[in-house]
Amino acid sequence: MDIPSKYNPAEVEDKWYKYWMENKFFHSEPDEREPYTIVIPPPNVTGVLHMGHMLNNTIQDILTRRARMLGKNACWVPGTDHASIATEARVVNKLKNEGISKFDLSRDVFLDHAWEWTNKHGGIILEQLKKLGASCDWDRTAFTMDDVRSESVIKTFVDLYDKGLIYRGVRMVNWDPAAKTALSDEEVIYREMQSKLYYLKYKIEGSQSDFVTIATTRPETILGDTAVCVNPNDPRFTHLKGKRVLVPLINRSIPIIEDEYVDMEFGTGCLKITPAHDVNDYEIGLRFNLPSIDIFNEDGTLSEKAGMYIGEDRFAVREKIMVDLEAAGNVAKVEDYNNKVGYSERTHVPIEPKLSAQWFLKMEELVKPALENVMNDTIEFYPPKFKNTYRHWMENIKDWCISRQLWWGHRIPVYYLPDGGFVVADSDERALALAREKSGNPSLSMTDLDQDEDVLDTWFSSWLWPISVFDGVCKPDNNEINYYYPTNDLVTAPDIIFFWVARMIITGYEYRDQFPFKNVYFTGMVRDKQRRKMSKSLGNSPDPLDLIATYGADGVRVGMLLCSPAGGDLLFDESLPQQGAGFVTKIWNSFRLVNGWDMDNKLPQPEHSKLAIAWFHEKFSQVVEQTDDHFDKFRISDALMNVYTTVRDEFSGWLLEMVKPAYQQPIDGKTYQELIDIFDEVLRFLHPFMPFVSEEIWQLLTERKQGESIMISSWPKSTGYDETLIAQFEDVKEAIAGLRTIRTKNTIPQKDQLELSIMVGDKGFAPGFNSVLVKMGNLSALNLVTEEVKLAASFLVKSTTFFVPMGGTIDVEEELKKLQAELDYTKGFLNSVMKKLSNERFVSSAPEAVVATERAKQADAEAKIKVLEEQIAGLK
C-alpha cells in the first residue's frame, strides 16, 4: 500500500465528509435505540464562523460522535436564527447603498428584499461548520422563520395571550435610537463611562435671587422636566415645601415635590424629575400624577415637544445646551463623574429610556418551575457556579417586553378593529371570525382589520427551539417530539444564559411539563493571550477557515480544546492548533511506521512484545474508564488530554517502541495482528476529537467494505484492569528512562549494549518485565546483585538501585553531586509529607485513603533516603 509521507488534511477532509454525507451517517430517524439529542444554538443568519462558534461546535460534535459510537441514535439538529435587529440593519444598509430608503418601500416589498438577502447569505455559516467536521443531521436544518417555526411562534403567542399572560401597556422601555425599536432588559449592556456631572441652578418662582441646584449627567433632558423632588426628611429644604421652580432656558413652572426615594447624599439632594426619560422618574411621576413630556424622536433627535434644538441629535444638544446654560447663568459647576451607561447589545449605541406602548409577557409565575428545577439539579449546569447567576436573574425577573418596532420577524398576531378593540388569532381567517363575533358585524372583511405593525423579539422564537425543531408546538404528540424530547445536552456560552437558556427552560415546563435538556455545558470566552475578547475591531481574531486551511480541521479542534475548561476562558494562541497539527502528524507517522513493517507468520512472538501488549490492554482499559468519567462530568478538555497523552506517550512512545522489530527485520504475525487490533481501538478512541485523520487511517488499517465507517463503529469499553501490573510497568518505564539518561550523560550510542546490575529493594522492580528492560535498554546482560557495584553509574526507582558498570570512565565527583542533589530533594519531599502527617486536624479529618497515601509516601521517601546515603558513603 502506497501511503503518502505527509498527511494532506484538505484532501482527506473533503473526501470523508462527502462519504459521510452520501451514506447519511449523520441522519437520524426514531427507532428502538436510546436517543441522544442535541440542538445547535442557532447562529444568526448574518453571521460567519468565529472562534466562539469553533469552540462551541467542536464540543457539540465530540459529544454527538461519541454518543453515536456508544450505540445511541444521535441526532444533532442544526439551524439558524433570523436575528431581527441585525438582519434588518443589514438589509436597510444594503438598500441605502442602492439609494433606497426602507420607508419608501411597502412592508411586503421590504420583506422581499430581506428574504432575498437571507437566502443569499443565511446558509454561509452552516456550510462553514461542515469544514470543521460537524456531524449535524443536515436534513433537519431549521430556520426560526421557516413555516413550522413561524407557526409555532404565532401559536405560542396566542396561547399565552389566551392564558392572560400577554398584555399591552405603556411602559418605560429601553429604546434603541439606531434600530428604532424597544429592547428587553437583557439586550442592554452596561458600560462604565467617564462622564460629567452638571450642577444646574433652577430659579425659585417669585424670587429674584433664590434658586435650587440639581445635579444631572444629562442636561439635555431638562427640557422634559416636570418637577424637582427633595426628600421630606432633609432639613435643608423644608422652606421649599409647596413652592415652584422655573426650568432653565424655557422658564416652565414646575412644582417642588417630596419623596423619600431621593438620596440626600447624592449630588445636591435635589432631583430633577423627567418622567418620559428615566424609569425612576416615571414611577415618581405616576405617584404624583405629573405630566410626561417626551422630548425625543425615535432616532434620538429632539422633538417639537422639546421646544428648542428641534431635529438635532441628543449628544450634539448636550454640548449646545451647556453653552446656553452657562450664558444664562444657570451653571453652578461641572465635575468628572464615572457612571454606568446602557448600550444596545446589537447596535452599540446608548439606549434611551422611553415611554412606549408595547406588548409584555408576565414572567412571575412562568419562571417558578424553571428556577426550582435548576436549583435542585434536575437540570445540571457545568460548571455549577452559573446556578447563582441564574437564580439571581430569575428571582428578580421583570415582565418581558416582547414587541419590536421592526418589519423583519414574526408579525404580532393582533388585529385592530375599525371601531376600537382588537382580537388575537393565529391566522387571518380566525382573526376575521373573532372580529365579526366581537363587533357583532358579520359584514367585516380583512381590509377592515389592521394587523399590529410590530414584530416579536427574536428570542420569542428561539426560546421554543428544542420543541419547535421537532414540531412539538403545533403537533404536541407527534412521534418525533415524543422520541427526541427532552434533549440531552446543551452547549452554549454563559452570556446568553438569560436571553436563551432560562427562557428555553421556561417553555419546556410550560409546554411539555419537562426540562428541555438534562445538562447545560457553558463554554468560556475565547480570548487572546492578553485576555482581550477577540473581535474584528481589535484585529486579534483569526479567521477559523484560514486556521483550518493551515492546520487542518483535526489540528484546530484539538488546539481549541487543549486549554478550554468548562466555563473558563480559552486563551487562544496559534501555537495551539499548531500543536494539534503536530499531534495529527504523530499519529500519521505511527501508522506509516506500523504499515512499513514486514510481517512473518512463522516467527514466534517475543516475550517483550507479549508483555508490552498485555500492559497496553490494561493501561488502555484504565484510560478509557477515566475518560468516560471525564465525559460524565463534562470535563471535555480533560477527556481530550487523556486521549492525547495516551496516544502520544503510551501508544506511540512506548508500545510501538517495545514491539518494533530490529532494523530491516520482520515482525512476528501474532504481535502484528494484535497491534492492528489495538490501533483500531486507539483510532476509535480518537475519533470524536479528530474525525478526519482517524477515519483515514482506520480505512487504510485493514480491508474495509463500502459503507463502513469508523464513526458508526463502537466506542472502546473498559473491561477492568490490573492496577498492580500498571504500577509495575511504570517502574519499568522509570528504569528505562534512567538508562537513557546514563547514555545521554555519557554519550553512549543506543546501538552499544549496556550491562545492568540491579540491587532489589522492597519496591521498584518486577522481574517479570526483564525482557522489556533488555529490549528497550539494549542490554547485553541483566544481573541481580546484593551489594553496590563499584565504579558504576546508578539511579534509583523507589528503593531499588540500578547500576551500569562504567569501568574507569565514571566521574566519581559528578556521581556524588547527582546523588547528593537527589538526597536533598527527597529529604525536602519527606519534610513536606511529615508536616501534613504531624497536623492532627489533617489526619483526623482527611479521608482514610488520602492519609494512607501520605503514609506510603513517607515510607517510600525514608527507604530512598537510606539507599542514597549508603550509595554516597560507598563512593567516598
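The values are calculated or read from the model by the stated rules, or taken from the named source; none is laboratory data. Please read all numbers here as calculations on a predicted model, not as lab measurements. Reconstructed Cβ throughout: ideal geometry from the backbone, glycine too, with neighbour counts over all protein chains shown. Accessible surface is based on the protein model in full, side chains and every heavy atom, while ligands, DNA and RNA are left aside. Shrake-Rupley method; radii C 1.70, N 1.55, O 1.52, S 1.80 Å.
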Residues that are out of contact with any helix residue (DSSP H, G or I) (no Cβ under 8 Å at 6 or more places or on another chain), within 15 Å of K272 (Cβ to Cβ) and not hydrophobic (A, V, I, L, M, F, W, C), drawn from segment 189-204: Y199, K201, Y202, K203
Which residue, of G567, G552, is on the phi > 0 side of the Ramachandran plot, at pLDDT 80 or above and buried (at least 18 other Cβ atoms within 10 Å of the Cβ)? G552
Of all residues in segment 156-201, which are modelled with pLDDT of 90 or more, of a type in the set (A, V, I, L, M) and within 21 Å of G421 (Cβ to Cβ)? V158, L160, L165, I166
Residue that is nearest to the chain's Cα centre (by Cα), among those in segment 425-456 that are surrounded by 20 or more Cβ atoms within 10 Å (Cβ to Cβ) and in a strand (DSSP E or B): L456
So T719, is it part of a loop (DSSP other than H, G, I, E, B) and modelled with pLDDT under 95: yes
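Among the residues of segment 402-411, is any within 30 Å of A179 (Cα to Cα), of a type in the set (F, W, Y) and under 25 Å from the mean Cα position of the chain (by Cα)? Quick ask: steps written out before the conclusion?
Looking only at segment 402-411, we keep the residues that are within 30 Å of A179 (Cα to Cα), and these are 402-411.
Pick out the ones that are also of a type in the set (F, W, Y) and you get 407-408.
From what is left, the residues that are under 25 Å from the mean Cα position of the chain (by Cα) are none.
No, segment 402-411 contains no residue that is within 30 Å of A179 (Cα to Cα), of a type in the set (F, W, Y) and under 25 Å from the mean Cα position of the chain (by Cα).
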Can you tell me which residue in segment 749-769 is farthest from the chain's Cα centre (by Cα), limited to those that are of a type in the set (A, V, I, L, M, F, W, C) and either surrounded by fewer than 19 Cβ atoms within 10 Å (Cβ to Cβ) or more than 18 Å from M806 (Cβ to Cβ) (or both)? V760
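Out of F634, F583, I need the residue that is assigned to a helix (DSSP H, G or I), among the aromatic types (F, W, Y), under 37 Å from the mean Cα position of the chain (by Cα) and crowded, with 19+ Cβ neighbours inside 10 Å. Which one?
Details: F634 fails: assigned to a helix (DSSP H, G or I).
Going through F634, F583 in turn, just one is assigned to a helix (DSSP H, G or I), among the aromatic types (F, W, Y), under 37 Å from the mean Cα position of the chain (by Cα) and crowded, with 19+ Cβ neighbours inside 10 Å: F583.
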Of those in segment 457-476 that are farther than 19 Å from F498 by Cα and not in a helix (DSSP H, G or I), the residue most open to solvent (accessible area, probe 1.4 Å) is K475
Check whether at least one residue in segment 345-357 is of a type in the set (D, E, K, R), under 19 Å from Y511 (Cα atoms) and either in contact with a Cys (Cβ under 9 Å, 6 or more places away or on another chain) or open to solvent by 40 Å² or more (accessible area, probe 1.4 Å) (or both), and report yes or no. no
In the set D294, D263, the lone residue that is outside any helix (DSSP H, G or I) and open to solvent by 70 Å² or more (accessible area, probe 1.4 Å) is D263
Those residues of segment 266-291 which are closer than 21 Å to V341 by Cα, open to solvent by less than 30 Å² (accessible area, probe 1.4 Å), among the hydrophobic types (A, V, I, L, M, F, W, C) and part of a loop (DSSP other than H, G, I, E, B) amount to A276
Members of segment 452-510 found to be touching a Cys at 6+ places or on another chain (Cβ under 9 Å) and closer than 27 Å to M525 by Cα, listed by number: D457, T487
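Can you spot a residue in segment 779-790 that is out of contact with any Cys (no Cβ under 6 Å at 6 or more places or on another chain), open to solvent by less than 80 Å² (accessible area, probe 1.4 Å), under 26 Å from P661 (Cβ atoms) and among the small types (G, A, S)? Outline the logic, then answer.
First, pick out the residues of segment 779-790 that are out of contact with any Cys (no Cβ under 6 Å at 6 or more places or on another chain): 779-790.
Still in the list and also open to solvent by less than 80 Å² (accessible area, probe 1.4 Å): 779-783, 785, 788-789.
This time we only want the ones that are under 26 Å from P661 (Cβ atoms), so: 779-782.
Still in the list and also among the small types (G, A, S): 780-781.
Yes, the conditions are met somewhere in segment 779-790.
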For D210, which of the numbered conditions (1) more than 15 Å from V331 (Cα to Cα); (2) among the charged types (D, E, K, R); (3) modelled with pLDDT under 95; (4) open to solvent by 30 Å² or more (accessible area, probe 1.4 Å) fails to hold? (1)
Exactly one of these conditions fails for E703: (1) open to solvent by less than 30 Å² (accessible area, probe 1.4 Å); (2) closer than 22 Å to M69 by Cα; (3) more than 36 Å from the chain's Cα centre (by Cα); (4) of a type in the set (D, E, K, R). Give me its number. (1)
Taking segment 570-580 and keeping residues in contact with a helix residue (DSSP H, G or I) (Cβ under 7 Å, 6 or more places away or on another chain) and either modelled with pLDDT under 90 or over 17 Å from M51 (Cβ atoms) (or both) leaves L570, F572
R314: passes all of (1) open to solvent by less than 30 Å² (accessible area, probe 1.4 Å); (2) at pLDDT 95 or above; (3) closer than 30 Å to E260 by Cα but (3)
Quick check on my filter: what residues within segment 123-162 are out of contact with any Lys or Arg (no Cβ under 9 Å at 6 or more places or on another chain), over 17 Å from E22 (Cα atoms), outside any helix (DSSP H, G or I) and open to solvent by 10 Å² or more (accessible area, probe 1.4 Å)? G123, M145, D146
For Y721, all conditions in the list (1) aromatic (F, W, Y); (2) over 30 Å from A549 (Cα atoms); (3) open to solvent by less than 30 Å² (accessible area, probe 1.4 Å) hold save one; what is the number of the exception? (3)
Considering segment 545-592, residues that are in contact (Cβ under 8 Å) with a residue 24 or more places away in the chain and of a type in the set (D, E, K, R), and then whichever is farthest from R527 (Cα to Cα), we arrive at R592
I'm checking my understanding of the structure. Among residues of segment 380-396 that are touching a residue at least 24 places away in the same chain (Cβ under 8 Å) and either touching a Leu at 6+ places or on another chain (Cβ under 9 Å) or assigned to a helix (DSSP H, G or I) (or both), which one is surrounded by the most Cβ atoms within 10 Å (Cβ to Cβ)? Y390
So if I check each of E813, E840, which one is loosely packed, with under 13 Cβ neighbours inside 10 Å, closer than 27 Å to I748 by Cα and not basic (K, R)? E813
Look through L490, L547 and report the one residue that is in contact with a strand residue (DSSP E or B) (Cβ under 6 Å, 6 or more places away or on another chain) and open to solvent by less than 10 Å² (accessible area, probe 1.4 Å). L490
List pairs: first residue in segment 54-75 and under 23 Å from L547 (Cα atoms), second residue of a type in the set (A, V, I, L, M) and part of a loop (DSSP other than H, G, I, E, B) anywhere in the structure, Cβ distance under 8 angstrom, at least six positions apart or on different chains. N56/A493; N57/I40; N57/A134; Q60/I40; Q60/A134; D61/A134
Restricting attention to segment 169-176, does a residue exist that is in contact (Cβ under 8 Å) with a residue 12 or more places away in the chain, touching a strand residue (DSSP E or B) at 6+ places or on another chain (Cβ under 8 Å), among the aromatic types (F, W, Y) and surrounded by fewer than 22 Cβ atoms within 10 Å (Cβ to Cβ)? no
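Quick one: would you say Q626 is without any contact (Cβ under 8 Å) to a residue 60 or more places away in the chain, in contact with a helix residue (DSSP H, G or I) (Cβ under 6 Å, 6 or more places away or on another chain) and either open to solvent by 50 Å² or more (accessible area, probe 1.4 Å) or part of a strand (DSSP E or B) (or both)? Talk me through it step by step, then tell me what you get.
Details: without any contact (Cβ under 8 Å) to a residue 60 or more places away in the chain: yes; in contact with a helix residue (DSSP H, G or I) (Cβ under 6 Å, 6 or more places away or on another chain): yes; either open to solvent by 50 Å² or more (accessible area, probe 1.4 Å) or part of a strand (DSSP E or B) (or both): yes.
Yes, satisfied.
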